[in-house]
Every structure is written in C-alpha cells, then in structure tokens.
Amino acid sequence: MLDLARIRAITLDLDDTLWPIWPVIQRAENALTHWLSDHAPMTSALFANPHARHDIREHVIKTHPHLVHDLKAIRLEAIRLALYRAGENPLLAMPAFEVFFAERQRVVFYDDALPALAWLAQRYPLVSLSNGNADLERVGLAGHFKAAVSAAQCGFGKPDVRIFRIAADVAGVRPEEVLHVGDDASTDVLGALGAGMQTVWVNRTEEMWPYDHVHPHDTVSQLNELCDLLS
C-alpha cells in the first residue's frame, strides 16, 4: 500500500500512460512516408521495405552507440542514412524528420489523463520521466509539469535507477519521497522500486503482474483511480 504521508512529488511516464503511443507513431510514420514520396521517392521506397528499415535502424545503433537512448537522434540518422543509400540528398533528412516529429507530438490523450493531471498538479510537483521523445510544450502539457527528464538528456533510460534519482533531484525531494506512475512493469515499476520510490502501475489492459518477487505499491486501470488513492 502507498504511504501517502511520504509522497512529496510525483514522476510520470508519458507514452502509454497518458496516451497510446503506437497510433501516434503509425501516423508519424505515414506522414514521413508521404513527405518522402514527394521529395525523395527512392528513399520512400526503401523505407517501405520493413527489412531494409530495420537494417538501417540497427546500423545506426551499431555505429552510433552513444545515441542508443536518444530516439530523436536515431530517427534523424536513420533518415539520413536511407537518403544516402537511396542516392538522394542527405540534406533532406532534417526537414523529413521535422515532418515525422511534428506528427509524433499530435497525441490523443486517454480520457482520464487531462483531468487527472490537473488534479495532481494542484497538489504535487510533477516531473515527466520518459524514455521517449515527446515534447511537453508541443503536446500541450508544459503547464502541468515542473520539469521533464528524458533518457536522451541523461544518456541512460529507465529502468536505470540513476534516471529516477535525477528526477527526484529535479523535483527537489529525496527518492523515497517520490511516487512514480507508469504503465511498464519493468522500466517503470522495477526501476522506480530500485531507486527507493513508491510506485503505482497503470495497467489499462488488465495484464497479469509478471513478477513474483516484487510488486508495485498499488495498481490502477485509469488515472482517476490514482487521484482517488491520493485523496
């Protein structure tokens, strides 16, 4: 159970906690494909092959290991490499990426997300903690959060306990005074527990908890249930 008296700040995952991520990525991929078909058709054809697309991404990760936690940089380098392999202008990589990235920020929130965030932000400092590349300003959430911490900024991501401790520092509290809320049993819950935080698992799909040796402090299916717990 949660120890409510100890909670002085909340860290929140973003993708699949506040909005479903895969529809967003699919729309962004489609927008990129359409743009490339008009400006770099050979590259567009290359990206249409899933095996080629996978090979390009793996090559970027292998040759740029320092970018492994920076999804934005990996995507940009993959587009640049695809343009090069297709014999088209690599300088198109940045405008092509901007098309993808703009669409990636057009998220559709779960119905419970915005009301819950408004309630939480009135009571606790909120810090977003994500392995992804959502931009709080561009998705319209900057007003709810004190700060954002990402794997791209830190050079390592969840479940590394260091990123949770950085988030606690940013919130101005000790890790044991933080409640971390997220959808992923491993990266969110296990990582936060390892850092000494309390945790709430957001289980929207009624999955079974996968670990026997450790458990979240509580589980909710929607964020309004989190507000009920904290009230």
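Values quoted throughout were computed directly from the atomic coordinates according to the rules given, and no laboratory measurement underlies them. A quick note: this is a predicted structure, and the numbers were derived from the prediction, not measured. Methodologically, a virtual Cβ is constructed for each residue, glycine included, from the backbone with ideal geometry; neighbour enumeration extends over all protein chains shown.
With all pairs of separate Cα atoms included, the stretch 1-91 yields a Kirkwood hydrodynamic radius of 15.4 Å.
Note the angle between two axes, namely the Cα long axis of helix 50-63 and the longest principal axis of the Cα atoms of the chain, as a number of degrees from 0 to 90, rounded to the nearest 10. Roughly 70 degrees, rounded to the nearest 10.
Under the convention that each Lys and Arg Cβ holds +1 and each Asp and Glu Cβ holds -1, the size of the dipole of the stretch 15-141 around its Cα centre is about 180 debye.
Measuring how big the stretch 57-103 is from its alpha-carbon positions, Rg and Dmax come out at 10.5, 28 Å. Ignoring solvent entirely, what values of log10 I(q)/I(0) come out of the Debye formula for the chain at 0.13, 0.18 Å⁻¹ when each Cα is a single scatterer? Evaluating at q = 0.13, 0.18 Å⁻¹ gives log10 I(q)/I(0) of -0.80, -1.25. Evaluating 6.51 cos²θ - 1.76 cosθ + 1.60 at θ = phi - 60° for every residue in the stretch 224-230, the Karplus couplings come out as 5, 5, 4, 4, 4, 4, 7 Hz, glycine and proline recorded as x. For the stretch 139-231, a crude dipole built from +1 on the beta carbon of Lys and Arg and -1 on the beta carbon of Asp and Glu, taken about the Cα centre, is about 460 debye to the nearest 20.
For the stretch 27-155, the Cα-based Rg and Dmax, in that order, read 17.1, 55 Å. The slack in the chain from ILE25 to ASP111, taken as 0.36 nm per residue of separation less the alpha-carbon distance, amounts to 29.0 nm.
A P(r) calculated from all alpha carbon pairs of the stretch 107-153, with 10 Å bins opening at zero, reads 24, 59, 16 percent.
Evaluated with a Cβ-only charge set (Lys, Arg +1; Asp, Glu -1), the chain carries a dipole of roughly 720 debye about its Cα centre, given to the nearest 20. In plain terms, the chain from ALA5 to TRP119 could stretch by 39.3 nm, reckoned as 0.36 nm per residue minus the Cα-Cα distance. Residues in the stretch 76-91 carry Karplus couplings, in order, of 4, 5, 5, 5, 4, 5, 5, 4, 5, 5, 7, x, 10, 5, x, 5 Hz; the curve used is 6.51 cos²θ - 1.76 cosθ + 1.60 with θ = phi - 60°, and Gly or Pro positions show x. The mean sequence distance of close C-alpha pairs (under 8 Å, at least 6 residues apart), as a share of the length of the stretch 118-231, puts its relative contact order at 18 percent.
Residues in the stretch 23-31 carry Karplus couplings, in order, of x, 5, 5, 4, 5, 5, 4, 5, 4 Hz; the curve used is 6.51 cos²θ - 1.76 cosθ + 1.60 with θ = phi - 60°, and Gly or Pro positions show x.
Summary value for the stretch 44-196: 17 percent relative contact order, contacts being C-alpha pairs under 8 angstrom separated by 6+ residues. Here the stretch 30-76 has an Rg and Dmax of 11.7, 32 Å, counting Cα atoms alone.
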